[in-house]
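To start, the structure itself, in structure tokens.
The values are calculated or read from the model by the stated rules, or taken from the named source; none is laboratory data. Predicted model, so just to flag it, every value in this text is computed and none were measured. Positions of Cβ are backbone-derived with ideal geometry, glycine not excepted, and every protein chain shown enters the neighbour counts.
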Amino acid sequence: MLHHNNVEVVPGYKSCCGMPSFGIGDLEGATKKADANLAYLLPLVEAGYDVIIPSPSCSLMVRQEYPLLAGDRDAARKVADHTYDLMEYLKKLSDEGKLSTDFEGDFGEISYHLPCHLKVQNIGYKSRDVLNKLPGARVEMIEQCSGHDGQWSMKKEYFSLSLHAGRKLFRKLEKKEAATTVSDCAFAQMHIEQATGRKSEHPVSLLARAYKLK
């Protein structure tokens with residue numbers, strides 16, 4: 001999809017961002033992952049590349065936690081300053097007149113869940129704004145926690161409680177007749193599907209369909 005918009009893409013996944021370690025208080029493990037990723041990403045940033053991350057938890061980690069954790073704080077800040085959420089980057093392309101609008105289809109009602117880890121980055125509502133450009137799209141944004149909370153809900157003893165925590169979101173989605181449900185967070189997507197039976201996907205998937213990409 002990025003190639004379709006004339007963006008040169010270099011795969012830059014060195015290792016896990018470290019959020020799972022950070023979330024359970026393993027600061028040593030999180031720092032090791034941060035340092036490994038920064039050693040790989042910094043030369044790319046210095047060569048003029050931006051860092052594009054499709055997962056809100058990972059982009060939050062790189063932007064806000066790496067500058068506090070990493071051994072090389074200057075490197076961390078430099079990478080953080082050139083890091084974007086995927087949909088934020090697409091909105092930037094759109095604002096610059098560089099986003100292709102050769103969309104096809106009729107998307108109708110879309111329920112968009114705004115993930116907590118995206119909201120806390122204070123970048124606005126980029127996914128909603130880009131989705132509204134799709135033909136026939138009518139996007140309703142829901143700001144409500146899914147209750148997943150990282151690895152907490154993946155523990156057997158907390159799973160039912162996590163579904164209870166997300167019940168306000170699930171009820172709102174169940175009341176809607178939207179043909180499509182989206183969330184930038186893969187964990188929230190999974191939780192929504194488990195609680196409501198509704199398939200949820202990343203907003204970029206809708207753009208790929210609108211571009212008729214394989």
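Annotations
- All positions within the range 187-214 that are crowded, with 19+ Cβ neighbours inside 10 Å and polar (S, T, N, Q): Gln189, Ser200
- Residues in the range 54-71 that are closer than 30 Å to Val182 by Cα and out of contact with any Asp or Glu (no Cβ under 6 Å at 6 or more places or on another chain): 11 in all.
- Looking only at residues in the range 60-83 that are under 16 Å from the mean Cα position of the chain (by Cα) and among the β-branched types (Val, Ile, Thr), the one that is surrounded by the fewest Cβ atoms within 10 Å (Cβ to Cβ) is Thr83.
- Flag for Pro67 being part of a helix (DSSP H, G or I), touching a helix residue (DSSP H, G or I) at 6+ places or on another chain (Cβ under 6 Å) and at pLDDT 95 or above: yes
- Residue list for the range 31-54, filter: under 18 Å from Cys16 (Cα atoms) and among the hydroxyl-bearing types (Ser, Thr, Tyr): Thr31, Tyr40
- Out of Ile142, Ile123, sole residue that is within 18 Å of Ile53 (Cα to Cα) and free of Cβ contacts under 8 Å to residues at least 60 places away in the same chain: Ile123
- Residue within the range 22-45 that is hydroxyl-bearing (Ser, Thr, Tyr), in contact (Cβ under 8 Å) with a residue 40 or more places away in the chain and assigned to a loop (DSSP other than H, G, I, E, B) present: no
- You will find that of Ser94, Ser57, the residue that is in a helix (DSSP H, G or I), under 21 Å from Ser21 (Cβ atoms) and among the polar types (S, T, N, Q) is Ser57 and no other.
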